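Worksheet: the structure to be examined is printed underneath.
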Amino acid sequence: TIKQPPTQPPPRPPAEARRKQP
Amino acid sequence: GPIVLQTYRSIADFAKSSTTEMALQAGDLVDVVEKGESGWWFCQAKNKRGWVPASYLEPMDGPDESEEQEPNYEGEPFVVIRGYTAVEDDEMTLQEGEAIEVIHKLLDGWWVVRKEEATGYYPSMYLQKSGQAQ
């Protein structure tokens, strides 16, 4: 059985990911 | 038959803040076991497993744009099931019970929502489709 996911929202995308967005 | 898991590469360091999460270093390779709509993905590596933010991962086989939905500017009605106060300028502050429209469901779990004239990002895990029992 897979554990329940965290109850907090995930962090916003890191700067590395934001740079890739058009 | 065997389940083939997709391999992703971490694009940044991630420090875990709960026991069910898995810490990452940039460049780590993980296999994704389950992709949650909340933006948390359950992953396994050589000798560890846990939840990881989807936005910290990039697919090894090029971008999987097919998974990302297009924006729906008509909007899909949702209800806020948990309030959240914006931390960054592009986020929305909403209270429990407010009705909003989702216009873009992003894989990272931060959805673009619209309330009257305002739009911004909101955690998908705090939203529920209108008309559904909690």
From the Cα centre of the stretch B:88-108 to that of the stretch B:112-134, the distance in Å is 5
With only helices counted (DSSP H, runs n ≥ 4, each -39500 (n - 2.57)), the per-residue ellipticity at 222 nm for the protein assembly as shown, to the nearest 500, works out to -1000 deg cm²/dmol
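Could you compute the longest span of chain B free of GluC sites (Glu not before Pro) located in DSSP loops and having at most 11 other Cβ atoms within 10 Å, not counting the site residues?
Values: sites that count: B:E74, B:E88, B:E96, B:E116, B:E117.
Excluding the exposed sites themselves, the longest stretch runs over B:1-73.
So which of A:K3/B:K129; B:K35/B:K115; A:K3/B:K16; B:K48/B:K105 end up more than 21 Å apart, counting from Cα to Cα?
Table pairs above 21 Å Cα-Cα are A:K3/B:K129; B:K35/B:K115; B:K48/B:K105.
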Square roots of five times the C-alpha gyration tensor eigenvalues of chain B, ordered largest first and given in whole Å, equal 29, 16, 14
Here the relative contact order (percent) of the stretch B:9-50, from C-alpha pairs under 8 Å and at least 6 apart, is 32
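What relative contact order, as a whole-number percentage, does chain B give when Cα pairs under 8 Å and 6 or more residues apart are counted?
Numbers: 276 pairs, mean separation 26.1, N = 134.
Dividing the mean separation by the residue count of chain B yields 19 percent.
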If exposed means trypsin sites (Lys or Arg not before Pro) lying in a DSSP loop and surrounded by at most 12 other beta carbons within 10 Å, then the longest stretch of chain B lacking such sites spans residues B:49-134
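Every number here is computed from the coordinates shown, using simple stated rules; none is lab data. Treat the numbers as computed from the prediction; the structure is a model and nothing was measured. Cβ atoms come from the backbone with ideal geometry, glycine included; neighbour counts cover every protein chain shown.
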